[in-house]
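For reference, the structure discussed in these notes is given below.
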Amino acid sequence: MSSSGAKPFKNNWEYLKVELRWLDRVLMMAVSRKRQDDKTIHQVANNSADKITSHWWKGIISVSRGIDDREGPPPKSPAKSVPTASYSQQLEARIQASYEAKIILALPLLRDRLGLSEVEKNIVLMAIAPEINRRYGRLYDYLQEEEGALADLPTVDLCLRILCRNDNDWQQTRAKLTATHSLAHRGLVEWIGDEDGTLLSQQVRVSDPLARFLLSDHPSEKVLSSLLAETGIEDNVFISDSILTSTAEQASATSSELPLEEESSGQPQNPTLSSQVEVSWETLVLPKKLIHQLQHLGRQTVQRQQGPMMGLIVLLVGDTGTGKTTAAAAIASQINQALTCVDLATLSPEQYPGVLTDSPNENSSLLLIKQGKHWFGRNSQVDQSWLHQWWQWRKQFGLTLVSVKSLETVRPSWRQSFDGILHFPRPDKKGRCRLWAQSFAPEFNTQRLSWSELAEQLPLTGGDIQTIAQTIQLDLQERQRSTVTLQALRDALRLHHPHLELKTR
């Protein structure tokens, strides 16, 4: 960990995987949107002329959308509550932590040395992606609907549609692509296509020397300096070490106020949380059949991540405190991955698109969406077309879990879409005995309590029992005592469940 709490990347390849995961999400959103658009056109269009003029008869183009029907993410509205670290802020913090750890990352180094904008940097990312996996090239071809001079390469038009949020971004980026010190004029990228054609029709290709530098395991500043010297770029356009140090200090100050997802200490402010808490199957108080189903999901997740098969999206149904989150953590421990939790109750509808991109953790394949009724319920607070796009994107991962209190709150159409539905029952008397027995820390004396009597008189869930036990322990610590008495139990019970009464036998 760096001084700011951000985790540095191990090497350049680990950084590239995080960037490509982000690009995957953006492209899958664009693909899902295009599929829906094509379906609408095919239902109406009778000939090629109808398809070409579809933007008009569908009413897609409007003044508010600006230049073309771009696929880029919508601009984020100003935060209404406590600010949270965005994807770019968290990623930048990890990049600066890598600088502090003397770990060179090729693309960020190129960006800083040449003063590239975020869009220019991402254009280089889009151009280099097919050199890593041809899947990106096939996605580009599908989104462009036609092959250019070379296959697998994105056009300038596609890059601007994917990466620019508004007209201002589009205009500024296009101007930079044709400026005197642009990437193309420096020979770092090439325009492939008809010389008499428009800039938007050109395909973007990274030069071979730059490709070797960006894809190296351990890039060095000397190699980049030599590469830039060959292009005729003077040293005075480089960003000095003092500027880099200032940028690192600024990122450190920002990250100290906005904790990263991987930070384990303190109370996280980001509604998207990631943790690697070890939970064993033996600690779960659930029916054996349900535990076997959960373990089966874990094995399926591992296999589907290794092959070309689509991931699973499973619905968890049960009252609050019946063990849904703990079960998800047990699966995470089984497959040795971090569990990312998103509580929809803490988000506003305008924050929902950020769920797609606000997680720079490369191990975010296991996701738990809590309070799923806000998306999949009868009174859904999200646009259904966007939700279908999110669904298609999550299918690229191993396992996605959605939790709700009651199955009746989920729309019937969505119930049929889930790959599985698991019901979490309230614990019986035997289960409550186990939950009481393991709820207190070893340093507390609980000999005065009878677990069987508590289990029989108090029909609580595991979450309820844990909350009561935590309240008692905090009170005893404040009073510097260690014995759990019936009076301490009654005090906590009145606080959390005043309708329940514990009788002495």
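What the table shows:
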item: Per-residue SASA entry for His185, accessible area with 1.4 Å probe, Å² rounded to 10; result: 120 Å²
item: Over segment 279-424, volume per residue of the alpha carbon convex hull, in Å³; result: 108 Å³
item: List Glu120, Glu350, ordered by accessible area with a 1.4 Å probe, largest first; result: Glu350, Glu120
item: Cα-derived Rg over Rh, computed across segment 80-233 with Rh taken as Kirkwood radius; result: 0.98
item: Amide N of segment 321-353 lying under 20 Å from the label point, which is placed 7 angstrom from the Cα of Lys430 along Cα→Cβ; result: 322-323
item: Cα-based Rg / Dmax (Å) for segment 407-505; result: 17.1, 55
item: Relative compactness, segment 124-180, computed as alpha-carbon Rg over 2.2 N^0.38 Å; result: 1.18
item: Label-point gap, in nm, between Asn168 and Gln36 - each point 7 angstrom along Cα→Cβ; result: 2.7 nm
item: Length gained when the stretch Asn133-Ser280 is fully extended (0.36 nm per residue, less Cα-Cα span); result: 49.3 nm
item: Listed residue pairs exceeding 29 Å between alpha carbons, taken from Lys324/Lys429; Lys395/Lys429; Lys7/Lys34; Lys370/Lys429; Lys395/Lys430; Lys289/Lys395; result: Lys395/Lys429; Lys7/Lys34; Lys395/Lys430
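The values are calculated or read from the model by the stated rules, or taken from the named source; none is laboratory data. Everything numeric in this text was worked out from a predicted model, so none of it was measured. As a convention, Cβ positions derive from the backbone with ideal geometry for all residues, glycine included, and neighbour counts pool all protein chains shown. All accessible areas refer to the heavy atoms of the entire protein, side chains included, with ligands and DNA or RNA removed. Shrake-Rupley method; radii C 1.70, N 1.55, O 1.52, S 1.80 Å.
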